[in-house]
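Please treat every number below as a calculation from the coordinates, not as lab data. Here the structure is a predicted model, which is why all the values come from computation and not from measurement. Note: ideal-geometry Cβ built from the backbone for every residue, glycine included; neighbour counts use all protein chains shown.
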Amino acid sequence: MSGVGGAGIPRLQDLSYVEVAATQVAAGQRFEQIRRALVTRAAELAHLSDLDGSFDEHRWEMIRNDPQKYVHNTVDVLKELMRLGWIERTILPSGPGSAYAHADTTYSLTDAGNEWAKLVSIDRRAAYNALVGDLIAAHPHFEGFLRALGARPDSTSTHLTIPIMRFDPARHGQYDNFRAETFLDDFIDYAANAAQGPGLGWRASSTDVEQAIRGYVTRIQARAMARQKTVTRKQYLNTCEEAVTRLAFTAAGCPLDYVTHELLRRWTRFLGLATFSYYAPGPPALRLWATGTVTGRGGQTTIERRVGPDVRHQLLTELWGIWQAERSDGAAGMYLPVWQLRAAACWRLRINDDEFDQAIVDALAGTHGDLGIEIHLDQASMRATPGSTRPLVLPTTSGLRRVFNVINIAQRSPRDQAGAPAGADTTWP
């Protein structure tokens, strides 16, 4: 049987699972019904992110009908509700094999849990703002993550940058010729040199960088060998990234493992508190930055986010300069991937991806008056969209979504602007 455990970050892939579970408990639903509701939510999220038609409803229906699927997810979210003090503590399944014994178990909301369940039904924004305060109170790592990224009043930096050297097939080899030791040496040198300078949001000595990265990679390799597993090139590169990420957060005063960091960057992006990119301008790195400030904890929490018409207007007035910086070759009429321009704009203004996307929608609608630019969107693709990014997805009047992969920004001449209608000219292929 499973207990609540400590203050570690639960393995919740999406924070909306908290809302699903809380409202299910409020409705008196049993464990099995809560599990099925969470599967339904996971399927909705998968459908929303599906841009190529690969969503498989039959697969999700099979998961929904299998009482041993999503048991860990259900247990994790119920544990979190107990940790937050929103439901009464009780025994939970230890795993899929024991879920059958808890299928008909119901749970009781505390006064605090009942209050939040009512709030989320009438004002989701206020409810999730309240959740932020409770998460800070319950999870030191959550608060530490916010502080490291610049989202707390006592933060000493506005961001956290983690140098991640790119793989060079000419130097590091490919496939069976992958030169792992050469890559590791170069990766450590790259990180160590970066860690000596300002601007990362953390510092570490060359010795600390060497010991942290090489030691972590060596331990992971030893475990693989003990299990008679082969570490692929991709796994090796990922292990190096894990190592330097752990080092960076530890040096920034927030020691955490790589999976916890992945969950927290997903949570904080969902909550509109922070975001990240591997493709912001500058030397290759993972950059994470705050998009708001969180003051206080628990019920005394206030949040200020960099969102709204004024922020979007500022973005659009600076968009031409950002475009020029990204199109360093100055070639007229050329397109950039949307995700590349978005990363540059959001990094410069310390805002989230949704604000960039809404700013483009506003520009198309002429919301901000004469911007003196033309925005051209195209559904063609220059190259594959990286997994951590997304194209620009705009709704249509028919309810369908159109996916735009590339963008071009052009500055209109004063002569063109004289007779132009308000807003940015746009091309809709």
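Some points to look at:
- Spin-label zone in region 25-42 - amide nitrogen under 20 Å from a point set 7 Å from the Cα of Ala101 along the C-beta vector: 30-35
- Only DSSP H runs of four or more residues enter the estimate; each adds -39500 (n - 2.57), and after division by the residues of the chain the mean residue ellipticity at 222 nm equals -15500 deg cm²/dmol.
- Largest-first principal axis extents of the Cα set of region 14-166 (Å): 49, 44, 32
- The share of C-alpha pairs in region 142-305 whose separation exceeds 20 Å stands at 53 percent.
- Values (i) 7; (ii) 45; (iii) 19 are given for comparison; percent of Cα pairs over 43 Å apart, derived from the coordinates here, is the one labelled (iii).
- Cleavage-rule hits (GluC sites (Glu not before Pro)) in region 80-139: DSSP loop, at most 11 neighbouring Cβ within 10 angstrom: none
- Near Leu48, once Lys and Arg are set to +1 and Asp and Glu to -1 for all other residues with Cβ below 12 Å from its Cβ, the sum equals 0.
- Region 186-203 and region 255-277 have Cα centres spaced 21 Å apart.
- Look at the Cα gyration tensor of region 224-345: its axes a ≥ b ≥ c give a/c of at least 1.5 with a/b at or below b/c, and that counts as oblate.
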